[in-house]
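S.K.: Before I ask anything, let me first share the structure, which is written out below as structure tokens.
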Amino acid sequence: MRWMWIDRIVEFVPGKRLRAVKHVSLAEEYLHDHFPADPSTALPSLPVMPGSLILEGMAQSAGLLVGYASAFREKVVLAKVSRAELHRDVGPGSIIMYCAEIERLDSTGASTRGDVSLISLDWSGHSFGAPASERQTECPIAGAAEVIGRIDLMFSHLDRNMSGQEFPEHNFVFGAAFRTLLTASGIALPHDDPDFSRRAGKAG
Amino acid sequence: MTRDEIFEKVRAVLVDALGVDEEEVTPDAKLTSDLGAESIDFLDISFKLEQTFGFKIAQGEMFPENVAKDPRYVQDGKVTSFGLDELTRKLPHFDFSEFRQDPRLTRIGQVFTVDSIVNYVQRKLQTATAAAS
């Protein structure tokens, strides 16, 4: 599960929205070598998470949401980054929340819209009062979530689009790591879930 | 909606989907060779047009679908006369006359102009209006 860039799914509305969190740990090896270099500032050089991995976290969140919608029958692959903006650096100890929503889904693929937020927890033990700025919203975990970026993606259902090219029969996209993530987050796999077809929602 | 208004909205969709400047989106501009569109971009354009104009685009209604591997449509890398007639019939918003002179499948991008997308939207909106009345 080396390449899992989300740790836990905290909200899941099949066919509609998925929220996942990722805890950034100083033990993650990429942080040991990823420091911004800006000699013009007097700021110390501190490890930051690469934007590409934040993008991957959103791709996994959105991709899971899209994949679940077809009960993982489709090979969902990231095909286009329509929009990717990040306004803050993310360092060790951060909790990133990805909120992905399906904008449009059909047999050929899907487009998703996503917010990247930083979760701050109140370590002093006091509860949060009113949000300090208009960019802060309540979030499902106790604390506050500040939106720091926006990532919109497009996914392709591989078997529907590469006419004539042969791909392995089994779905190589959604392997054991994703299944572990779902199960550990308390979400039934679509085939185990008797309510799946009722709840999964229609495409579009 | 006038054709100019449709063009402006289509242009906005193409600027958004393809990351090109407004000035590059001329009526004659070809989506693939001039504006750099790839296959996933066609899906993106389709989704965005749906959102902009409020209609649904069925697969194969705007761009040709499943043509390349169909031996009735393509032989030896060239679109057959049956294929050309079928495409002309099913996709009337495109102008295949120049393509017919040299119907190699690799040249099909010549047909996908901005103007043809405007044609498609205009027809689609007209059909919707007619159906509603």
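All of the numbers you see were taken from the coordinates with simple rules; none came from a lab. The model shown is predicted, which means the values in this text are computed figures rather than measured ones. Quick reminder, even Gly has a Cβ in these numbers, built from the backbone with ideal geometry, and neighbours come from all protein chains shown.
S.K.: Using a Förster radius of 35 Å, what is the FRET efficiency between residue B:88 and residue A:170 based on their Cβ-Cβ separation? Nearest 0.05, please.
M.R.: So, using R0 = 35 Å, E works out to roughly 0.30.
S.K.: Go through the range B:31-127 and name the chymotrypsin sites (Phe, Trp or Tyr not before Pro) that are in a DSSP coil and have 15 or fewer other Cβ atoms within 10 Å of their Cβ.
M.R.: Sites meeting the loop and neighbour criteria: B:55.
S.K.: In terms of the ratio Rg/(2.2 N^0.38 Å) built on C-alpha atoms, what value belongs to the range B:3-63?
M.R.: Rounded to two decimals, the normalised Rg is 1.06.
S.K.: Would you kindly state how much longer the chain becomes between residue A:88 and residue A:45 on full extension, computed as 0.36 nm times their sequence separation minus their alpha carbon distance, in nm to one decimal?
M.R.: Taking 0.36 nm per residue and subtracting the Cα distance, the gain is 14.0 nm.
S.K.: Still on this model: Multiply the residue separation of residue A:8 and residue A:107 by 0.36 nm, subtract the distance between their alpha-carbon atoms, and state the gained length in nm to one decimal.
M.R.: Extending this stretch completely gives an extra 32.9 nm.
S.K.: Taking Rh as the Kirkwood radius, which is the inverse of the mean 1/r over Cα pairs, what is the Rg/Rh value for the protein assembly as shown?
M.R.: Reported Rg/Rh, Kirkwood definition of Rh: 1.03.
S.K.: Using amide H atoms built 1.01 Å from N in the peptide plane, name the residues 5+ places from residue A:104, or on other chains, whose amide H lies under 5 Å from its own.
M.R.: A:111
S.K.: Report the calculated FRET efficiency for residue B:126 and residue A:81 (r = Cβ-Cβ distance, R0 = 35 Å), to the nearest 0.05.
M.R.: Calculated value: 0.50.
S.K.: Oh, and also: With label points built 7 Å along Cα→Cβ from the Cα atoms of residue B:70 and residue A:32, find their separation and express it in nm.
M.R.: 5.7 nm
S.K.: Convert 37 °C to kelvin, take the viscosity as 0.692 mPa s, use the Kirkwood radius over C-alpha pairs of the range B:3-126 as Rh, and evaluate the Stokes-Einstein diffusion coefficient in µm²/s, rounded to a whole number.
M.R.: 221 µm²/s
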